[in-house]
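> Starting off with a structure, shown below.
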Amino acid sequence: MQNGKLMPFAALVTATLFSIAAQAQNPLVSPESQRRAKELLRKMTVDEKVGQLNQSSGIVMPGFVDQKPDDMIAKGEVGSILWLNNTKEINRLQHIAVDQSRLHIPILFAFDVIHGWRTVFPVPLAMASSWDPSVEEAAQKEAGEDARAAGIRWTFTPMVDIARDSRWGRIMEGAGEDPYLGSAMARAQVYGFQGKSLGPDSELVSVKHFAGYGAAEGGRDYDSSYIPEVLMQNVYLKPFHAAEQAGAGNFMSAYMDLNDVPATGNRWLLTDVLRKDWGFQGFVVSDAFAVASLQVHGFAADPADAALKAINAGLNMDMASLTYTHNLAKLVAEGKVSEATLDKAVLPILAIKYQLGLFDHPYVDDTKTDAVLDRPEGLALERKIAARSMVLLRNENHTLPLTTSAKKIAVIGPLADSIHDIEGGWTVEGLFGGPAKSHPVTVLATLKSRYGANAEITFVPGPQLSRVFPSMLDALTGVKQVPPPTEAEKADWINKTKAATADADLVIAVMGEAASMSGEAASQASMALPGIQQEMLETAVASGKPVVLVLENGRPLDITWASEHVPAILEAWYPGTEGGNAVADVLFGDVNPGGKLPVSWARSVGQEPLYYNHNLTHEPEDRPTFTSRYWDVESKPLYVFGYGLSYTSFNFSNLRLSHDHIRASESTEVSVDVTNTGSVAGDAVAELYIHQRAGSASRPVRQLEGFERVTLKPGETQTVKFTLGKDELEFWSPQTKAWGVEPGAFDVWAGGDSKASLNTLLTVTQ
Ligand code: BGC
């Protein structure tokens with residue numbers, strides 16, 4: 001960030017320097033933790049310091065990790081351990097560190113507690129669909145308590161990567177395409193895990209993957225990202241900065257090359273932006289094996305060069321690759337890395353260990369773990385959050401909500417009764433060995449209990465879903481691939497579907513993707529419903545019976561046909577442990593759906609990357625002639641960002657500004673009235689969008705700058721208020737290379753999705 005030098009547009013710009021915000025920030029650790037850390041650091045040898053920068057695997061992983069870390073821990077060569085989900089083993093290794101290593105420094109245990117431990121919450125993309133940050137905060141508070149009860153004090157969450165391309169498998173781990181919604185969800189997760197400040201009751205977060213990972217070319221996981229600084233600042237970095245300002249203690253560097261410099265060796269990211277501009281006080285860990293990969297990228301000549309480049313870029317901790325362990329001490333001895341650089345890398349790790357209370361309480365009471373993980377309040381919360389996260393995409397002729405009057409129900413689809421898929425990816429128990437102890441409720445199970453003995457349910461699952469190329473985790477854990485069905489088997493399933501649906505009063509199809517089809521190393525080139533689900537769905541619709549499609553998936557899929565032929569479509573994402581119950585709560589109207597899409601839903605994969613906050617082009621899409629569009633497919637999404645239906649209807653009116661002319665340093669209040677015009681209570685999300693008409697750079701056609709989810713009784717009106725001020729109006733200009741509010745005219749819209757038409761104008765003067 002530039003300082004107060006004279007800049008070309010300085011007269012127009014009220015520059016806002018992040019460093020000012022950084023100075024105002026509360027310290028991450030207390031002066032006492034800082035003092036104790038410094039005192040300890042003075043006693044440490046170079047080898048012991050390097051030890052603190054090493055995060056070792058707690059498990060043997062053939063091909064990746066050859067041995068358990070016991071000996072290294074005893075020698076003080078391990079600062080952190082990851083991938084352990086066994087509490088007794090965690091205590092055993094902690095005893096080695098505390099009892100046998102010279103300085104008795106406890107280990108910080110880490111794992112990917114992404115959306116719960118034994119109680120698995122909906123995947124993050126689903127929770128973002130709630131458009132309710134309190135949902136994320138509550139879920140992650142619960143997940144953090146569970147993690148701590150199991151001995152894990154550091155979670156590799158939240159993933160705040162902006163994803164504008166649904167082919168990218170990890171879209172399900174984040175909050176979707178929007179920096180404003182993403183920032184709100186990022187903050188909520190930091191507060192959920194860490195609380196408002198870091199302390200003994202906190203679960204340390206890791207904000208990942210810093211930065212630009214979601215822009216991998218072609219949506220292929222790990223592929224290079226090319227992102228100009230204007231987009232880094234205005235889009236990709238925003239949720240990271242929000243998480244940092246919320247007090248995040250750790251960041252994780254991403255795998256990919258960012259503009260040809262791997263994120264793990266990227267000094268601009270790790271030092272200039274994160275520490276100098278933002279004033280980050282915590283530490284940065286690499287992604288798994290990413291320091292060693294600097295060589296694979298063709299960025300480092302050998303492992304020593306990789307260690308050198310990573311530490312000089314500002315990377316504190318090496319996850320799993322042992323590159324620091326094998327090279328750093330020598331680099332210090334040779335004078336290539338100064339001891340001051342080493343100390344700077346170690347100090348925040350020690351200080352955070354003190355701040356978390358690890359030195360005072362290194363062990364976890366494993367007699368209490370199960371009682372915490374099994375508490376029923378967690379499941380009740382999960383059910384509520386799952387239902388709150390669902391998005392109703394279509395509901396013709398009030399197909400939903402259902403009554404229990406149907407006597408013959410056909411349930412079809414491979415996900416209707418799959419306990420392996422309903423919780424989605426990144427479930428901790430059961431990963432890398434150990435029993436999975438959650439007991440997910442499937443949609444079929446809950447339908448059976450809702451309808452009881454009065455109805456007959458016929459279940460046609462169809463063939464089990466399988467990937468063409470195996471999933472990384474399946475490969476690691478030795479899960480066998482299911483062979484694709486033969487033509488005869490396919491025909492048999494279609495016949496069974498025909499018979500069951502012809503005979504039914506109601507068809508409920510539960511379809512989408514297997515959990516292993518989204519997540520890491522799970523990018524895909526086609527968005528079609530995998531397997532023979534599309535044929536099964538078309539067979540069901542051909543029966544003429546009412547069909548309800550419940551989707552379980554981690555990304556938008558090609559449901560263009562369904563959007564025209566299936567009367568009701570409910571997006572349930574991967575809804576978690578109580579998922580089946582939550583789906584039924586919505587299907588039967590106990591809960592009125594109020595979720596909204598956090599991503600633009602493409603009609604076909606050729607539209608990707610697709611996002612609503614693009615710039616206006618030379619030929620905007622509503623012109624009749626040379627529009628910037630494809631000639632063979634609609635250019636608009638199937639469902640726009642922010643879209644979602646309800647069992648009631650809402651009207652937005654009376655959009656007004658407290659001041660329609662403000663100075664660049666001032667703010668205005670925006671109000672809009674939301675009325676429930678239907679006959680049942682329901683939730684509306686009031687969404688606020690702006691567009692700056694002219695300035696030193698073109699601005700997006702629309703950008704979200706406020707939202708609030710409200711519950712309204714039939715006939716009730718509520719006034720929702722937002723503020724438009726510096727935080728909402730400023731942008732990073734590629735011309736001034738600074739943040740600022742530029743005077744000019746701003747369109748303001750409010751409504752129920754990103755196509756909201758109710759609008760007014762705000763004028764900003766110098
Ligand atoms: C993933 C990270 C994860 C880490 C540790 C990596 O493969 O990219 O998101 O936190 O593994 O499990």
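> When you go through Leu231, Leu204, Leu198 one by one, which is the residue that is away from the ligand (no atom under 14 Å from the Cβ), modelled with pLDDT of 95 or more and crowded, with 21+ Cβ neighbours inside 10 Å?
Numbers: Leu231 fails: crowded, with 21+ Cβ neighbours inside 10 Å; Leu204 fails: away from the ligand (no atom under 14 Å from the Cβ).
On inspection, the qualifying residue turns out to be Leu198.
> Something else: Can you confirm whether Ala184 is more than 20 Å from Ile81 (Cα to Cα), more than 16 Å from the ligand (Cβ to nearest atom) and surrounded by fewer than 24 Cβ atoms within 10 Å (Cβ to Cβ)? Let's see the steps before the verdict.
Numbers: more than 20 Å from Ile81 (Cα to Cα): yes; more than 16 Å from the ligand (Cβ to nearest atom): yes; surrounded by fewer than 24 Cβ atoms within 10 Å (Cβ to Cβ): yes.
So Ala184 fits the description; yes.
> Restricting to region 410-423, give me the number of residues that are closer than 14 Å to Thr446 by Cα, in contact (Cβ under 8 Å) with a residue 40 or more places away in the chain and surrounded by fewer than 23 Cβ atoms within 10 Å (Cβ to Cβ).
Residues flagged as closer than 14 Å to Thr446 by Cα, in contact (Cβ under 8 Å) with a residue 40 or more places away in the chain and surrounded by fewer than 23 Cβ atoms within 10 Å (Cβ to Cβ) within region 410-423 amount to 2.
> Output the residues belonging to region 240-282 that are more than 16 Å from the ligand (Cβ to nearest atom), more than 20 Å from Gly174 (Cβ to Cβ) and not in a loop (DSSP other than H, G, I, E, B).
Selection gives Val261, Gly265, Arg267, Trp268, Leu270, Thr271, Asp272, Arg275, Lys276, Asp277.
> Somewhere in region 342-365, is a residue more than 30 Å from Glu32 (Cα to Cα) and either within 16 Å of the ligand (Cβ to nearest atom) or without any contact (Cβ under 8 Å) to a residue 24 or more places away in the chain (or both)?
No, region 342-365 has no match at all.
> Just to verify a result, which residue in region 284-299, among those that are touching a strand residue (DSSP E or B) at 6+ places or on another chain (Cβ under 6 Å) and of a type in the set (A, V, I, L, M, F, W, C), is surrounded by the fewest Cβ atoms within 10 Å (Cβ to Cβ)?
Only one residue tops the list, namely Phe299.
> Hey, among the residues in region 211-223 that are within 11 Å of the ligand (Cβ to nearest atom) and either in a strand (DSSP E or B) or of a type outside the set (D, E, K, R) (or both), which one's nearest to Asp165 (Cα to Cα)?
Applying the first criterion (within 11 Å of the ligand (Cβ to nearest atom)) to region 211-223 yields 213, 221-222.
Now drop any that are not either in a strand (DSSP E or B) or of a type outside the set (D, E, K, R) (or both), which leaves 213, 222.
Details: Tyr213: 11, Tyr222: 14 Å.
So the residue we want is Tyr213.
> For region 735-766, how many residues meet the condition of being buried (at least 17 other Cβ atoms within 10 Å of the Cβ) and assigned to a strand (DSSP E or B)?
12
> Within the set of pairs 6 or more residues apart or between chains, which connect a residue that is more than 30 Å from Leu350 (Cβ to Cβ) inside region 107-125 to a residue that is among the hydroxyl-bearing types (Ser, Thr, Tyr) and away from the ligand (no atom under 16 Å from the Cβ) with Cβ atoms less than 7 Å apart?
Arg118/Ser438; Thr119/Ser438; Thr119/Thr577; Val120/Ser438; Val120/Thr577; Pro122/Ser389; Pro122/Tyr574; Val123/Tyr574
> Let me spell it out: the conditions are (1) surrounded by fewer than 21 Cβ atoms within 10 Å (Cβ to Cβ); (2) in contact with a helix residue (DSSP H, G or I) (Cβ under 8 Å, 6 or more places away or on another chain), and Leu704 meets all of them except one. Which number is the exception?
Every listed condition holds for Leu704 apart from (1).
> Could you please give the count of residues in region 691-734 that are outside any loop (DSSP other than H, G, I, E, B) and either of a type outside the set (Lys, Arg) or modelled with pLDDT under 95 (or both)? Outline the logic, then answer.
Taking region 691-734 first, the residues outside any loop (DSSP other than H, G, I, E, B) are 691-692, 700, 703-712, 717-724, 726-729, 731-733.
So of that shortlist, the ones also either of a type outside the set (Lys, Arg) or modelled with pLDDT under 95 (or both) come out as 691-692, 700, 703-708, 710-712, 717-720, 722-724, 727-729, 731-733.
The total comes to 25.
> Name the one entry in Arg164, Arg153, Arg148 that is out of contact with any Lys or Arg (no Cβ under 7 Å at 6 or more places or on another chain), of a type in the set (Lys, Arg) and within 16 Å of the ligand (Cβ to nearest atom).
Working: Arg164 fails: within 16 Å of the ligand (Cβ to nearest atom); Arg148 fails: within 16 Å of the ligand (Cβ to nearest atom).
The unique qualifying residue is Arg153.
> Can I ask one more? Would you mention how many residues in region 155-168 are over 20 Å from Gln189 (Cβ atoms) and not in a loop (DSSP other than H, G, I, E, B)?
Residues meeting the conditions: 0.
> For region 482-526, give me the residue count where each residue is surrounded by fewer than 14 Cβ atoms within 10 Å (Cβ to Cβ) and under 28 Å from His209 (Cβ atoms).
2
> Also, quick follow-up: Give me the residue from region 86-106 that is free of Cβ contacts under 8 Å to residues at least 24 places away in the same chain and either closer than 20 Å to Gly357 by Cβ or in contact with a Gly (Cβ under 6 Å, 6 or more places away or on another chain) (or both) and, out of that set, surrounded by the most Cβ atoms within 10 Å (Cβ to Cβ). If you could, list the steps in order and put the result at the bottom.
So the first thing to find is which residues in region 86-106 are free of Cβ contacts under 8 Å to residues at least 24 places away in the same chain, and the list is 92, 99, 104.
Still in the list and also either closer than 20 Å to Gly357 by Cβ or in contact with a Gly (Cβ under 6 Å, 6 or more places away or on another chain) (or both): 99, 104.
Details: Asp99: 9, His104: 13.
Filtering region 86-106 for residues that are free of Cβ contacts under 8 Å to residues at least 24 places away in the same chain and either closer than 20 Å to Gly357 by Cβ or in contact with a Gly (Cβ under 6 Å, 6 or more places away or on another chain) (or both), the one surrounded by the most Cβ atoms within 10 Å (Cβ to Cβ) comes out as His104.
> Could you please tell me which pairs satisfy a Cβ distance under 9 Å, a separation of 6+ or placement on different chains, a first residue in region 54-65 that is over 22 Å from Leu315 (Cβ atoms) and touching a residue at least 40 places away in the same chain (Cβ under 8 Å), and a second residue that is of a type in the set (Val, Ile, Thr) and outside any loop (DSSP other than H, G, I, E, B)?
Taking only residues 6 or more apart or on different chains, the pairs are Ile59/Val65.
> Additional query: Which condition from (1) closer than 28 Å to Ala686 by Cβ; (2) away from the ligand (no atom under 16 Å from the Cβ) is the one that His115 breaks?
Among (1) closer than 28 Å to Ala686 by Cβ; (2) away from the ligand (no atom under 16 Å from the Cβ), the lone unmet condition for His115 is (2).
> Name the single residue that is surrounded by the most Cβ atoms within 10 Å (Cβ to Cβ) among those in region 30-53 being among the polar types (S, T, N, Q) and touching a residue at least 12 places away in the same chain (Cβ under 8 Å). Full working, then the answer.
Of all residues in region 30-53, those among the polar types (S, T, N, Q) come to 30, 33-34, 45, 52.
This time we only want the ones that are touching a residue at least 12 places away in the same chain (Cβ under 8 Å), so: 30, 33-34, 52.
Numbers: Ser30: 15, Ser33: 22, Gln34: 19, Gln52: 30.
So the residue we want is Gln52.
> In the set Asn312, Asn316, Asn327, which member is under 19 Å from Asp47 (Cα atoms), within 16 Å of the ligand (Cβ to nearest atom) and not acidic (Asp, Glu)?
From the options Asn312, Asn316, Asn327, the qualifying one is Asn316.
> Only one of (1) surrounded by fewer than 21 Cβ atoms within 10 Å (Cβ to Cβ); (2) closer than 26 Å to Gln67 by Cα; (3) more than 16 Å from the ligand (Cβ to nearest atom); (4) touching a residue at least 40 places away in the same chain (Cβ under 8 Å) is not met by Asp302, so which one is it?
(4)
> Ok, one more. In region 62-77, which residues are away from the ligand (no atom under 16 Å from the Cβ) and either under 30 Å from Val135 (Cα atoms) or modelled with pLDDT of 95 or more (or both)? Can you show your working first?
Residues of region 62-77 that are away from the ligand (no atom under 16 Å from the Cβ), as a first pass: 62, 66-68, 70-77.
Of everything in region 62-77, those that are away from the ligand (no atom under 16 Å from the Cβ) and either under 30 Å from Val135 (Cα atoms) or modelled with pLDDT of 95 or more (or both) turn out to be Lys68, Asp70, Asp71, Met72, Ile73, Ala74, Lys75, Gly76, Glu77.
> Within the bounds of region 612-635, is there any residue that is crowded, with 18+ Cβ neighbours inside 10 Å and either without any contact (Cβ under 8 Å) to a residue 12 or more places away in the chain or outside any loop (DSSP other than H, G, I, E, B) (or both)? Break it down into steps so the answer makes sense when it comes.
Start the filter on region 612-635 by keeping residues that are crowded, with 18+ Cβ neighbours inside 10 Å, which leaves 612-613.
When the remaining residues are screened for being either without any contact (Cβ under 8 Å) to a residue 12 or more places away in the chain or outside any loop (DSSP other than H, G, I, E, B) (or both), the result is none.
No; the residues of region 612-635 include none that is crowded, with 18+ Cβ neighbours inside 10 Å and either without any contact (Cβ under 8 Å) to a residue 12 or more places away in the chain or outside any loop (DSSP other than H, G, I, E, B) (or both).
The values are calculated or read from the model by the stated rules, or taken from the named source; none is laboratory data. None of these values were measured; they are calculated from a predicted model. Don't worry about glycine lacking a Cβ; one is built from the backbone with ideal geometry, like all the others, and counts go over all protein chains shown.
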